[in-house]
């Protein structure tokens, strides 16, 4: 409204108009406040959406880091496993070599023991033969001494049993 029109109005009309404008102003302020609240909520929502996106990116980075760490761990385990396999293979080969050496050494020792045992057996056999020979020589000497001292026994022993037996057999065969 123009100034001329306002001047024509009475005080009561102006007061009514002022009250009406105040009420409208209050109403508009309420609306502005509601709109500001709504705007703030949308800003929060947009900020949260940005935060969620950022959080999602951070989580993806965390998962990527975790996956890389897990892959490193698996690679390290494979490496250690291969290393352990190599060590075990080397130890097994070394043990087989040592066992083969021990077998060869044992065979050599057995040959030495066997040769020593054969030599000892041969020595014992030789000693036994020597002893037996000496024993029989001793008995022979004693028997000779006994026979020489006993004339009847000497006569009986000097008799040739072998020729006497053959002679008897010739007689037996002549009768046939």
Report Rg (one decimal) and Dmax (nearest whole number) for the chain, counting Cα atoms only, units Å. 68.2, 206
Under the helix-only model (-39500 (n - 2.57) for each DSSP H run of 4 or more, divided by the residues of the chain), the mean residue ellipticity at 222 nm, to 500 deg cm²/dmol, is -35500 deg cm²/dmol
Kirkwood calc, region 25-129, C-alpha pairs only, radius in angstrom 23.1
For the chain, find the longest principal axis of its Cα atoms and tell me its angle to the long axis of helix 161-175, 0 to 90°, nearest 10. 80
Which of 38, 65, 56 moves the most in a Gaussian network model of the chain with Cα springs under 10 Å? 38
To the nearest 10 degrees, how steep is helix 11-149 against the longest Cα principal axis of the chain, on a 0 to 90 scale? 0
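Each value in this text was obtained by applying a stated rule to the coordinates, not by laboratory testing. For clarity, every value in this text was computed on a predicted model and none was experimentally measured.
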